[in-house]
Amino acid sequence: ATAVTLDWSDDMDDVTWHFDGSGYLRYNGTSPHREVVQQGAAETTVKAEVLVILFADQYSACPAAGQEGSCVPSMDTVGSGRAIVVHNGGAAEGTWDRSEAAAPFTLTKDDGEPLFVPPGKLWISIFPNGRGVSW
């Protein structure tokens, strides 16, 4: 898993994470995703040491009738789905599970053992079911 590509949309560039030996650098298409980590500091490319990708159903969350606002894309994170943990050039797959929105996620490998998230700077992607991930 030295390059992880997430196909978010037919209308957008893919997001790709490139492993540089100590973590994953984030790119939107071929452009680095830039950030400023401290006021007055130079821009750097977004970097994470651990990637967690949780697959979920996407829906439109809309204001209640009579309320102002517009619908926005949202993800259903109650229930269960596919999970991938990427770290140090490797990837492990399993499932996520949680019973309610206030509950923590539980990650489990296919053999029933816990799917551990290693320590380090973490990036979590709640990713739409049916979209492609490759590494």
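The residues of the chain have, on average, 60 Å² of accessible surface per residue, using a 1.4 Å probe with all protein chains present. Comparing mean-square fluctuations of 19, 105, 55 from a GNM of the chain with C-alpha springs under 10 Å, the top value falls on 105. Taking the Cα centre of the chain as reference, the dipole from Cβ charges on Lys and Arg (+1) and Asp and Glu (-1) amounts to some 320 debye. Couplings for segment 67-72, taken from phi via the Karplus curve 6.51 cos²θ - 1.76 cosθ + 1.60 with θ = phi - 60°, read 9, 6, x, 10, 6, 10 Hz in order; Gly and Pro are left as x. By the Kirkwood approach, averaging reciprocal distances over each pair of separate Cα atoms, the chain gets a hydrodynamic radius of 16.4 Å.
Each peptide in 44-54, 112-122, 22-32 was scored by the mean count of other Cβ atoms within 10 Å over its residues; highest first, the order is 44-54, 22-32, 112-122. Dividing the mean sequence gap of close Cα pairs (under 8 Å, 6+ apart) by how many residues the chain holds gives a relative contact order of 26 percent.
If the segment from residue 2 to residue 41 were pulled out straight at 0.36 nm per residue, it would be longer than the present Cα-Cα gap by 11.2 nm.
The values are calculated or read from the model by the stated rules, or taken from the named source; none is laboratory data. For clarity, every value in this text was computed on a predicted model and none was experimentally measured. Ideal geometry is used to build each Cβ from the backbone, glycine not excepted, and the neighbour counts take in all protein chains shown. Protein only, heavy atoms only, side chains kept; ligands, DNA and RNA dropped before computing areas. Shrake-Rupley method; radii C 1.70, N 1.55, O 1.52, S 1.80 Å.
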